[in-house]
1. If you go through the range 103-133 one residue at a time, how many are open to solvent by 70 Å² or more (accessible area, probe 1.4 Å) and farther than 20 Å from ARG73 by Cα?
2. Out of the residues in the range 70-110 that are part of a loop (DSSP other than H, G, I, E, B) and touching a Pro at 6+ places or on another chain (Cβ under 9 Å), which is nearest to ALA46 (Cα to Cα)?
3. Return the residues of the range 24-76 that are among the β-branched types (Val, Ile, Thr) and surrounded by 22 or more Cβ atoms within 10 Å (Cβ to Cβ); say none if nothing qualifies.
4. Kindly list, by first and then second residue, each pair from a residue in the range 54-68 that is in a loop (DSSP other than H, G, I, E, B) to a residue that is among the basic types (Lys, Arg) and surrounded by fewer than 24 Cβ atoms within 10 Å (Cβ to Cβ), limited to pairs with Cβ atoms under 6 Å and residues at least 6 apart or on different chains.
5. Which condition from (1) touching a Leu at 6+ places or on another chain (Cβ under 9 Å); (2) surrounded by 13 or more Cβ atoms within 10 Å (Cβ to Cβ); (3) modelled with pLDDT of 90 or more is the one that ALA100 breaks?
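The values are calculated or read from the model by the stated rules, or taken from the named source; none is laboratory data. All values reported here derive from a predicted model rather than from experimental measurement. Reconstructed Cβ throughout: ideal geometry from the backbone, glycine too, with neighbour counts over all protein chains shown. The accessibility values were calculated without ligands, DNA or RNA, using every heavy atom of the protein model including side chains. Shrake-Rupley method; radii C 1.70, N 1.55, O 1.52, S 1.80 Å.
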Amino acid sequence: MSRPRSSRRQVLGPPGFEGNSTQEIDYSSRSVLVVDDEPDLREALADLLVDQGFMVMTAASGRDALELLAACRPAVVVLDVMMPIMNGIELLEIMKKEPALSCIPVLLVTASHNIGQGDVPLFHKPVDVDRLISAIRACIEPRRQLSQAG
């Protein structure tokens, strides 16, 4: 799937999905927000997740992600730690303080080995994509079961 490289925010979906506006999407329990300032990594991960059947939104900074989070609630956020403008830790702290966002699972991704894990799963770059996809599914599956039970 070809995307313009200049876009800071993007919405992608499985085959047949046509659109990049947050207003056009049914944010299902399989939606993932990928936040990374490195376009190649962000796009590669988004493509991989779309191929796995996920609806994917992307953002190039914590600030862009916060704007997306004001309009929609993904099932999971995959968040790079080191970014300009607003880094991943700053965004995570905002999400923890906001009741509507604090329930969204976050998976941190970093190139640094000097970051403590805390209570959020941490993946080091280069990311083991099988492990990351398993973690995303582990975050999503309990939420899907709850929504189907209700």
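1. Of the residues in that region, 9 qualify.
2. That would be ALA75.
3. Hits for the range 24-76 are VAL32, VAL34, VAL35, VAL56, THR58, VAL76.
4. Pairs that qualify, where the first residue is in a loop (DSSP other than H, G, I, E, B) and the partner is among the basic types (Lys, Arg) and surrounded by fewer than 24 Cβ atoms within 10 Å (Cβ to Cβ), are PHE54/ARG30; ALA60/ARG8.
5. Unmet for ALA100, out of (1) touching a Leu at 6+ places or on another chain (Cβ under 9 Å); (2) surrounded by 13 or more Cβ atoms within 10 Å (Cβ to Cβ); (3) modelled with pLDDT of 90 or more: (2).
Yes or no, residue by residue, for (1) touching a helix residue (DSSP H, G or I) at 6+ places or on another chain (Cβ under 9 Å); (2) at pLDDT 95 or above:
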{"site": "SER29", "(1), (2)": "yes, no"}
{"site": "ALA59", "(1), (2)": "yes, yes"}
{"site": "ALA70", "(1), (2)": "no, no"}
{"site": "VAL76", "(1), (2)": "yes, yes"}
{"site": "LEU79", "(1), (2)": "yes, yes"}
{"site": "ILE85", "(1), (2)": "yes, no"}
{"site": "HIS124", "(1), (2)": "no, no"}
